[in-house]
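These notes are about the structure you will find just below.
No lab work stands behind these numbers, since they all come straight from the coordinates. Just so it is clear, the model here is predicted, and its values are computed rather than measured. In this analysis, Cβ positions are derived from the backbone assuming ideal geometry, glycine residues included, and neighbour counts consider all displayed protein chains.
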């Protein structure tokens, strides 16, 4: 039986899980928003990673086809999105029931109207979300259940009368938490088969898209191939689905890390500091890394590592939100934007407005003042992003600077504007150094945890590592 | 301290000494003794004793207030009276205590100062502190001595001469005027001889951390050990007796192969040996200490235990050169050493006491310690390839001690040490 190793990084904003095989290759990743119930957050992340691992195994079975035939590649990407949607749908059903129950217990005088409006709103957002998942790119936006629903729900609530605002917000707040904290286990095979049915429906009705030059050639190639050949892919998949779904993903060992690590239901010797895990994970992907910058939700860390990937020193900002991911969250709220929209808008700036404030809360007041004075929103956002990076740079300087290859990890590394400023400022301060940013940057802590788990920490320490990511 | 620990004779002795001092202070008016407020670094304890004065150390009072959980209230009182949030919290705690009636750690009132003696100028806050006290105690005589910084890592004869001149022309005449007692050099020499004896013992005591396991914790227990010498007993027979007793107790621990005493009894397993730079946090002293001993970490040397005098490198008060000895003492206190000297001193500790790591506790409101700390840490890391850790807290303001942040950082640090230890052991094999 194959052995797998699990690392869970319970962060303040997101919980991540990574599963590796006995060659340190990542086979599964899972991520969810951290919620009041840490255990559920950790369990969901783990389950997600296990589903992901099954998809990896499935992809490996049809590896040759995936490399040679565009329809296989496209189908596998699509089926994952639809699989996500199927999970979303189950949770949405729970939320709908919970919203209806909450509303039925209201004592507002206009209760009947509220009940009716709720039904109307749900009828609008349900197909909207479905369509965006199946035909759009909602699945690739890294948004969590709560974010997806609240975005649509709030939009609709905004359209109806003001008298509904308070009860609808109350209903959502009361209903979302229990639904989020509920652990739902899905049957992989069942969900994959359901997803295949949905995909069949999608591909059958797919209209020919005109090549207008707005997309790359491979897009049309994949699209046409999948339209004509999806039955072949289905056939190949069905051949393996039984085996993969029935295969046990045996987690031989696990390690928990992150801000909430002490609350994880793990034995004490399976809990590791996130500083060590982030460094170890980053070093595994980029073995020449000597300096790691990790910007998470509630802290920022500058870590120096040696050639083994072991930490030699670290500096943390764990006191002040200005300089952490939460700062961006707060700013997004101030502007009524989602986190994903911040970076692109900041990158469209023509200049960076100087933000003097060193405090998250006061930055809010400063932003309002700047807007009032006619400053453009993208410029302000650019200034705010720059401010975060300046704080991080000061932390790096305190920790000893950038000595060799530099790797940027943590959830904030996904923000393109932050990335731009990090690159720029590291170059300005330390000259040309290799800078590594990986799409999996948010998973580095969990990866490091999984790698520690595989090495059993105390018994088998790393000497040399050969590590790579699974395709 | 634990039941067993409370029976240690040295602890009883120390308690008696402190109680005796505060009793004397409470009765100073009746006995006609003059009171001299001064600071621990560069204190002229022997000279104060020569003039039969009683010493009061405001920063010791502040840290004791913190340990008795009174500092938050005192600081609030000082801030109400326009002392900024950024002012050294020792100052605010002291000022607040004064405003609340100047009740000392034993519950007795501390008398007003007859002299405010500033004999160390490396900490500029001290100057401002006494300026503030001068306004509160207009009758007190202020004596200020300028102590040259060891800019070039040496105490030149000119520097010593410059200080001796100040003693002769300023300090001694003014002390004579306030106390009505004539300067008696023979008496000063006797005090200095006793200082020398106590200093020899202190050097030996802190050198016992060479043993494995270390019989003492040179930081958390170390601050108690330096208590008598830092609270005005330097130059007395009582101090010599105390250190003799303490040393013999420690030798006994070494003979029995015992580790340090903690508030929860003996430390069982010594896992990590550390050198710590910077003062401890006093408001959560026990919790702070516990994070270390729970992890099996023992501090084998610390810079803070050297604030009242650096005896590691062989310097002693020399009775044959009384005023010169006092001058050198002032110039040789830890925070008056230049940064490279401090690095050398701490590096020596790390090497000689086989430390596994070096931890800096950076204090929000202490400039004399914090300036240069990061650079020192980097240099030590580069020079000795020793894992370094950095935590932040404050002296006596409980608002700046975050247990979970400090614990998180230290936990990471200890895990880091553990890994490196294993790598080293593997390399040996």
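Here residue A:165 and residue A:97 are evaluated by their C-beta separation; at R0 = 22 Å the FRET efficiency comes out at 0.45. Just to verify a number: FRET efficiency for residue B:127 and residue B:382, C-beta to C-beta distance, R0 = 30 Å, to 0.05? Given R0 = 30 Å and the Cβ-Cβ separation, E is 0.30.
Helix B:157-166 axis versus longest C-alpha principal axis of chain B: approximately 40°, rounded to the nearest ten.
Take B:287-297, B:328-338 and order them by the average number of nearby Cβ atoms within 10 Å per residue, most first; the result is B:328-338, B:287-297. Each label was represented as a point 7 Å from its Cα along the Cα-to-Cβ direction; for residue A:340 and residue A:22 these points are 3.9 nm apart. Among B:417, B:13, B:313, determine the one that fluctuates most according to a GNM of chain B built with springs between C-alpha atoms less than 10 Å apart. In the Gaussian network model the winner is B:313. Rounded to the nearest 10 degrees, the angle from helix B:403-428 to the longest Cα principal axis of chain B is 50 degrees.
For the pair residue A:427 and residue A:239, the difference between a 0.36 nm per residue extended length and the Cα-Cα distance amounts to 62.5 nm.
By how many nm would the segment from residue B:85 to residue B:169 grow when fully extended, if each residue of separation counts as 0.36 nm and the alpha-carbon distance is taken off? List each step's numbers first, then the result.
Numbers: separation 84, 0.36 × 84 = 30.24 nm, distance 3.83 nm.
Here the answer is 26.4 nm.
Roughly how crowded by other chains is peptide A:312-324, in terms of the mean Cβ count from those chains within 10 Å of each of its Cβ atoms? Each step should come with its number before you reach the end.
Working: counts 7, 11, 8, 4, 7, 0, 7, 4, 0, 0, 0, 0, 0.
Across A:312-324, the average partner-chain Cβ count within 10 Å equals 4.
Segment residue A:375..residue A:197, full-extension length gain: 59.0 nm, with 0.36 nm per residue of separation and the alpha-carbon distance subtracted. The simple spin-label model puts a point 7 Å past each Cα toward its Cβ; for residue A:116 and residue A:439 those points are separated by 4.9 nm. Simple spin-label estimate for residue A:252 and residue A:359 gives 5.3 nm between the two label positions (7 Å along the Cα-to-Cβ direction from each Cα).
Using a Förster radius of 56 Å, what is the FRET efficiency between residue B:108 and residue A:307 based on their Cβ-Cβ separation? Nearest 0.05, please.
Numbers: r = 61 Å, r/R0 = 1.08.
Calculated value: 0.40.
Only helices enter this figure: runs of n ≥ 4 DSSP H residues, each worth -39500 (n - 2.57), summed and divided by the residues of the protein assembly as shown, yield -17000 deg cm²/dmol at 222 nm to the nearest 500. Give the residues of the range B:220-240 whose amide nitrogen is closer than 13 Å to a point set 7 Å from the Cα of residue B:67 in the direction of its Cβ. Of the residues in the range B:220-240, B:220-231 have backbone N under 13 Å from the label point off residue B:67. For the peptides B:141-147, A:17-23, A:334-340, the ranking by packing is A:17-23, B:141-147, A:334-340, with the highest mean count of neighbouring Cβ atoms within 10 Å listed first. Helix B:58-67: angle to the longest alpha-carbon principal axis of chain B, degrees 0 to 90, nearest 10? In chain B, helix B:58-67 runs at an angle near 50 degrees to the longest axis.
Averaged over B:404-412, how many beta carbons belonging to a partner chain fall within 10 Å of each residue's beta carbon? Could you put the intermediate results ahead of the total?
Numbers: counts 3, 4, 1, 1, 9, 7, 1, 7, 11.
Mean partner-chain Cβ count within 10 Å for B:404-412: 5.
Highest GNM mean-square fluctuation among B:304, B:162, B:242, for chain B modelled with Cα contacts below 10 Å: B:162. I want to verify a result. In a Gaussian network model of chain B, Cα cutoff 10 Å, which of these has the top mean-square fluctuation: B:65, B:45, B:84? Among B:65, B:45, B:84, the largest mean-square fluctuation in the Gaussian network model of chain B belongs to B:84. Shielding value for B:416-423 is 5, the average number of Cβ atoms from other chains within 10 Å of each residue's Cβ.
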